[in-house]
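The values are calculated or read from the model by the stated rules, or taken from the named source; none is laboratory data. Just so it is clear, the structure is predicted and the values come from calculations on it, not from any experiment. Cβ atoms come from the backbone with ideal geometry, glycine included; neighbour counts cover every protein chain shown. Surface accessibility is based on the protein's heavy atoms, side chains included, excluding ligands, DNA and RNA. Shrake-Rupley method; radii C 1.70, N 1.55, O 1.52, S 1.80 Å.
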Amino acid sequence: MAFSPQRRLGLKTALALSALPLLACQGREPLLRIGAHDWPGYAPLFLARELGYMNPSQVRLHELTSATNALQALSAGAIDAAGLTLDEVLTARSEGLTLTAALIFDFSAGADVLLAHPALASLADLRGRRIGAESSAVGAVMLDAALTAAGLDPSAVQIVPLTVDRHEAAFLTGEVDAVVTFEPVAHHLERRGARRLFDSSSIPGRIVDVLAVRPTAIAASPMALRGLLKAYFHSLDYLAAHPRDATRIMGAQLALEPEATLTALAGLQQPDLALNQRWLRGAEAELPRRASELAALMVARRLLPGPVSLAGIGNGNFLPGEPRP
């Protein structure tokens, strides 16, 4: 559920402490530390925790403020895994942080957006304007796609780096004229009159959210990872069977009303277990092919400095029903 500033500060302190080496007790695995920010696709993780599906002796779920925050925590070794977009995983790999996708959370189909002040009626009106975006690959991919659709070169706009926790305030105070953001921030800004000029429904399959895991954690905590994924799919089952209660719980995490939570989820495709298996399991897995296509696009758009190794990009061995590696 949503945290107060004091709770958020305490959580950051706990996260900093968790960066200390975690040694397994005799006969026990190290605690698996997971980070996730407020994105509807990650909300089932928090639902799993609130419903008691997640074993607290195996897994600790940390609320983070942004994807940038998650990448920093992964790089520092403060967490073992995090919810990230596939392009963010590729960027991390290009910078020497090898991450493996163990779960496909969702495909964005409208939940990532470019919002502008009401006076800007079209993408072409962005020329010369200040556009806020997170300094991460997903922000760059969305902005690149929107500017391409507008026929504008990146030099035609002023890009203002903003982590997602600053998107709403920067937009409302006029620090930026437009912002590349996502749910739940998009919902709050649209209620305040922001105009939707572009969203991820125009670039299907481009933005994929995954559970990105450090290889050391895969080796050290396989039972915890397997238990986490089982809890996640259990929470999806609960969402399908009890949507009213599930959206109430997830809405508290996202600071959205239940109906707005349903609307946010409608902008996502959440793969079931069978689709996850097709994307992550075996020699014919879909993820490596999609990652290769995305990496090529990112290199062509100068979002990556060059080719990236895709060795071990996906691992479906920890999905429910799969044998342990």
Review point. Sorted by accessible area (1.4 Å probe), largest first, how do Thr261, Thr163 line up?
Key: Thr163, Thr261
Practice item. Work out Dmax and Rg for the chain from the C-alpha atoms and quote the Rg first, both in angstrom. Key: 19.1, 63
Study note, to complete from the structure: Under a 1.4 Å probe, counting only protein heavy atoms, Phe182 has an accessible area in Å², nearest 10, of 20 Å²
Revision key, fill the gap. Highest mean packing first, using Cβ neighbours within 10 angstrom, the peptides 219-231, 238-250 sort as 219-231, 238-250
Practice item. Can you grab the distance from the C-alpha centre of the range 255-290 to the C-alpha centre of the range 169-223, Å, no decimals? Key: 15 Å
Check your understanding: Under 20 Å from a point 7 Å along the Cα-to-Cβ line of Ala266: which residues of the range 222-242 have their amide N that close?
Key -> 239-242
Exercise for review: For the chain, give the magnitude of the charge dipole about the Cα centre (Cβ charges: +1 Lys/Arg, -1 Asp/Glu; no others), in debye to the nearest 20.
Suggested key: 520 debye
Exercise for review: Pop out the carbon and sulfur fraction of the accessible area of the range 83-230 as a percent, whole number, probe 1.4 Å.
Suggested key: 51 percent
**Study point:** Gaussian network model of the chain, springs between alpha carbon atoms under 10 Å - residue of Thr216, Thr100, Thr91 with greatest fluctuation
**Key:** Thr216
Point to revise | Computed P(r) (all Cα pairs; the range 35-153; 10 Å bins; percent) | key: 11, 37, 29, 16, 5, 0
Study note, to complete from the structure: Placing +1 on each Lys and Arg Cβ and -1 on each Asp and Glu Cβ in the chain, then taking the dipole about the Cα centre, the residue among Ala240, Gln277, Leu61 whose Cα reaches farthest towards the positive end is Leu61
Exercise for review: Would you grab the residues whose amide H sits under 5 Å from the one on Phe105? Only those 5+ places off in sequence or on another chain, please, with H modelled 1.01 Å from N.
Suggested key: Asp209, Val210, Leu211
Check your understanding: Based on the mean of other beta carbon atoms within 10 Å per residue, what is the order of 112-123, 64-75, 279-290, most packed first?
Key -> 64-75, 112-123, 279-290
Review point. Calculated from DSSP H runs of 4 or more alone, at -39500 (n - 2.57) each and per residue, what is the 222 nm mean residue ellipticity of the chain, nearest 500?
Key: -12500 deg cm²/dmol
Check your understanding: Over the chain, what relative contact order in percent results from Cα pairs under 8 Å that are six or more residues apart?
Key -> 27 percent
Revision key, fill the gap. For the range 102-161, inverting the pair-averaged 1/r of distinct alpha-carbon atoms gives a Kirkwood value in Å of 12.6 Å
Practice item. Pull out the extension gain between Arg196 and Ala156, defined as 0.36 nm times the separation in residues minus the alpha carbon to alpha carbon distance; nm, one decimal. Key: 12.4 nm
